[in-house]
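Undergrad: This structure is in structure tokens; I'll ask about it shortly.
Please treat every number below as a calculation from the coordinates, not as lab data. Just so you know, these numbers come straight off a predicted model, no measurement behind them. Here the Cβ is made from the backbone with ideal geometry for all residues, glycine too, and neighbour counts use every protein chain on show.
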There are 2 protein chains.
Amino acid sequence: MNFPTWMAGVQQRTEAALETTLPSSELAPGRLHDAMRYSVLGGGKRVRPLLCHAAGAVFGADSSVLDVPSVAVELIHAYSLVHDDLPCMDDDVLRRGKPTCHVEFDEATALLVGDALQTQAFNALSKHLPGIAPARQLDMLNLLATASGSRGMAGGQAIDLAAVGQQLTVGELEFMHIHKTGALIRAAVLLGAHCGEALPEAMEHLGRYANRIGLLFQVVDDILDAEASTATLGKTAGKDAAANKPTYVSILGAREAKAMSAKLRQDAHDALEPFGESALRLHELADFIVARTF
Amino acid sequence: MNFPTWMAGVQQRTEAALETTLPSSELAPGRLHDAMRYSVLGGGKRVRPLLCHAAGAVFGADSSVLDVPSVAVELIHAYSLVHDDLPCMDDDVLRRGKPTCHVEFDEATALLVGDALQTQAFNALSKHLPGIAPARQLDMLNLLATASGSRGMAGGQAIDLAAVGQQLTVGELEFMHIHKTGALIRAAVLLGAHCGEALPEAMEHLGRYANRIGLLFQVVDDILDAEASTATLGKTAGKDAAANKPTYVSILGAREAKAMSAKLRQDAHDALEPFGESALRLHELADFIVARTF
């Protein structure tokens, strides 16, 4: 199977799994469920589920088991986008080519949508997974919670808030992104590996890969934000510069940022060496993330 | 040990457990951790932890194990208060006698505080609990997530939003409160029982008790909101009437609401009959919740 076919397959099954996991709009409270579905379904590249499935494939994990942590991570990601777009945060009106949740519904609903999507993530991952020891599943939940909380993604958002209008060093910018984007991307990879009962040493290699991929993703995002158009992105372009936010492009310049992305890609490939052919999809994903710049 | 001494003991150990669970303000991002601690520590009656410990005591559960679900439930409760007080929701400036989180810090920080407190709850409950089978702990996590999400507490908030200015029947009001307040109170009781490895039949009796207590709590809250002063409550009094929100007092009148609370208390006591003396603290808590009106 070639990469685009594999990718389309994972995206399709993720969409189906999200569709089943999210409560129906027929269930009360219907407007909340409607807004949750609006914010999650029918959009997004599903990068985190792709990473989760690709990491699971290294250890022969079952796809239907991998769907569960994939959904959980994607729900956390979706909640963070809904809250991030709120007027008191980035105040954005466009996401994945559609009006943001608070624009389409209202602010109070968007607040509750984010809250309930986060809960839904932990709900999904706390249902007994077939073939996974409950003790390992607890570790998976703890991994997701640690990656999402004040020492992970939410903490990264707080650092991001504090950074607006500040002059950051590359080191400080990296610290912010390791939390804001990197932590959840790392969780996606490691959760996939958990489904294949990966051993600690393999986890360490994958952790290195994931750390590189997490930064790579952000560097590429900054390049895209600076260079692409709103139509291509499906979200407001150039908004980091407009918001006076430090980015890899604003600190390093576009040329240097692209060189950094090439280096990160190489490091990611190197980290996968111990896995040989079984890590094919992880290699392809590293290339895919960079290819978005061209 | 008399009830006030027992209660003070549980409140004290809950405070200590929350203190240890919440990340230190010394850790980055310091301002976020500071705001999380501000919103959780040094206030609140800790009704949910009291219920959790009282239910655990029926089955001889270990207090130090009971601290963990107690903390998890209290963190969920605290997150809901922080988000509930935001300008796009109840827009309240006073909570537990102090400025609300978004007033003391800022809106974006309060949003992230609520987000991170929710994550922290699942983080705490996903650490391996000594003496609890991991499979049971997964069930406990799923119970908490179900009680907190769109079909529980967050859903209740959404119904509450939609109810402003509406004429509700007692039945509709009850449906709202079963979600908004009742679900998490029920979770507190059942999580405590899980720590004592309670059997399904016992869970059923406790579930009945918890449902009555959940409504009782809300009826009493409505009576207090209508009759007490802001100074006594430590939060803005009379705000439901001011916000044109339906309450038991506005629908039934104060006299009828008090009769309803007496009936709910009796039902709660009756549900505990199978447990005899071992349910002493649960009996006392039912009386304590009503006594707040006098």
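Undergrad: For the stretch A:39-44, just list the computed ³J(HN,Hα) in residue order, Karplus coefficients 6.51, -1.76 and 1.60, θ = phi - 60°, integers in Hz, with x standing in for Gly and Pro.
TA: Calculated HN-Hα couplings, in order: 7, 10, 7, x, x, x Hz.
Undergrad: Calculate the mean, over all residues of peptide A:125-135, of how many other protein chain Cβ atoms lie within 10 angstrom of the residue's Cβ.
TA: Other-chain Cβ atoms within 10 Å of each residue's Cβ, averaged: 4.
Undergrad: Where a Cα-Cα gap under 21 Å defines reach, which lysines qualify for residue A:245, not counting those fewer than 8 residues away within the same chain?
TA: A:180, A:235, A:258
Undergrad: Using modelled backbone amide H atoms (1.01 Å from N, in-plane), which distant-in-sequence or interchain residues come within less than 5 Å of residue B:94's amide H?
TA: Those qualifying (amide H under 5 Å, at least 5 residues apart or on another chain) are B:100, B:236.
Undergrad: Counting other Cβ atoms within 10 Å, which trypsin sites (Lys or Arg not before Pro) in the stretch B:1-63 have at most 16 and lie in a DSSP loop? All intermediate terms of the calculation are to be shown ahead of the outcome.
TA: Details: sites: B:13, B:31, B:37, B:45, B:46; in loops: B:45, B:46.
Here the sparse-neighbourhood loop sites are B:45.
Undergrad: Give me a comma-separated list of calculated 3J(HN,Hα) values for the stretch A:166-173, in order, Karplus coefficients 6.51, -1.76, 1.60 applied at θ = phi - 60°, integers in Hz, x for any Gly or Pro.
TA: Once θ is set to phi - 60°, the couplings for the stretch A:166-173 become 8, 8, 9, 7, 4, x, 5, 5 Hz.
Undergrad: Need the C-alpha centroid separation for the stretch B:257-288 versus the stretch B:71-100, integer Å.
TA: 28
Undergrad: Now a separate question. So, in nm, how far is label residue B:20 from label residue A:41 when the simple model puts each one 7 Å beyond its Cα toward the Cβ?
TA: 4.5
Undergrad: Pairs of alpha-carbon atoms within less than 8 angstrom and 6+ residues apart define the contacts here; what relative contact order does chain B have, in percent?
TA: Taking the mean separation of contacting Cα pairs over the length of chain B, I get 21 percent.
Undergrad: Based on the mean of other Cβ atoms within 10 Å per residue, sort peptides B:185-193, A:158-166, A:114-122, B:197-205 so the most packed one is first. Mind dumping the intermediate values first?
TA: Numbers: B:185-193: 26.7, A:158-166: 17.2, A:114-122: 28.9, B:197-205: 13.8.
So the order, starting with the most tightly packed, is A:114-122, B:185-193, A:158-166, B:197-205.
Undergrad: Just tell me how shielded B:30-37 is by partners: mean number of partner chain Cβ atoms within 10 Å of each residue's Cβ, no decimals. Could you put the intermediate results ahead of the total?
TA: Working: counts 2, 4, 10, 4, 0, 2, 3, 0.
That average works out to 3.
Undergrad: Roughly how crowded by other chains is peptide A:99-110, in terms of the mean Cβ count from those chains within 10 Å of each of its Cβ atoms? Present the calculation step by step, with values, prior to reporting the outcome.
TA: Working: counts 0, 0, 0, 1, 0, 0, 0, 2, 4, 12, 5, 1.
Average neighbour count from other chains, rounded to a whole number: 2.
Undergrad: Per residue of the stretch A:58-64, in order, report the coupling 6.51 cos²θ - 1.76 cosθ + 1.60 (Karplus, θ = phi - 60°) as ³J(HN,Hα) in whole Hz, putting x for Gly and Pro.
TA: 4, 10, x, 5, 6, 4, 6
Undergrad: Looking at the calculated P(r) for the stretch B:3-291, what percent of the C-alpha pair distances fall above 34 Å?
TA: Working: 6629 of 41616 pairs.
Tail fraction, whole percent: 16.
Undergrad: Test of the criteria: in the stretch A:1-37, which GluC sites (Glu not before Pro) are in a DSSP loop and have at most 13 other Cβ atoms within 10 angstrom of their Cβ? Before the final figure, lay out the partial values.
TA: Details: sites: A:15, A:19, A:26; in loops: A:26.
Hits after loop and neighbour filter: A:26.
Undergrad: Using R₀ = 22 Å, calculate the FRET efficiency as 1/(1 + (r/R₀)^6) where r is the Cβ-Cβ separation of residue B:96 and residue A:127; round to 0.05. Write out the running numbers ahead of the final one.
TA: Working: r = 35 Å, r/R0 = 1.60.
With a Förster radius of 22 Å, E is 0.05.
Undergrad: Here's something else I'd like to know. Kindly state, to the nearest 0.05, the FRET efficiency for residue A:259 paired with residue A:5, given R0 = 25 Å and r defined as their beta-carbon distance. Could the numbers behind the result be given before it?
TA: Details: r = 32 Å, r/R0 = 1.28.
The pair residue A:259/residue A:5 has a calculated efficiency of 0.20.
Undergrad: What 222 nm value per residue comes from the helices of chain B, counting each DSSP H run with n ≥ 4 as -39,500 (n - 2.57) and dividing by all residues, nearest 500 deg cm²/dmol?
TA: Calculated from helices alone, the mean residue ellipticity at 222 nm is -22000 deg cm²/dmol.
Undergrad: I would also like to ask the following. Could you list which residues have their amide H under 5 Å from that of residue A:106, counting only those 5 or more apart in sequence or on another chain, with H placed in the peptide plane?
TA: Under 5 Å from the amide H of residue A:106 lies no amide H from a residue far enough along the sequence or on another chain.
Undergrad: With only alpha-carbon atoms in the gyration tensor, what are the semi-axes of the equivalent ellipsoid for the protein assembly as shown, in Å, largest first?
TA: Taking √(5λ) for each Cα gyration eigenvalue gives 42, 27, 21 Å.
Undergrad: Roughly what percent of Cα-Cα pairs across the stretch A:1-93 reach past 18 Å?
TA: 50
Undergrad: Describe numerically, in nm with one decimal, the distance between label points set 7 Å from Cα along Cα→Cβ at residue B:251 and at residue B:197.
TA: In this crude spin-label approximation the distance works out to 4.3 nm.
Undergrad: Among B:207-214, A:50-57, how do they line up from the highest to the lowest mean number of other beta-carbon atoms within 10 Å? Before the final figure, lay out each step's value.
TA: Working: B:207-214: 22.4, A:50-57: 27.8.
Result, highest mean Cβ count within 10 Å first: A:50-57, B:207-214.
Undergrad: Put a dot 7 Å past each Cα toward the Cβ at residue B:64 and residue A:278; how far apart are the dots in nm?
TA: Using points 7 Å along Cα→Cβ, the separation is 4.0 nm.
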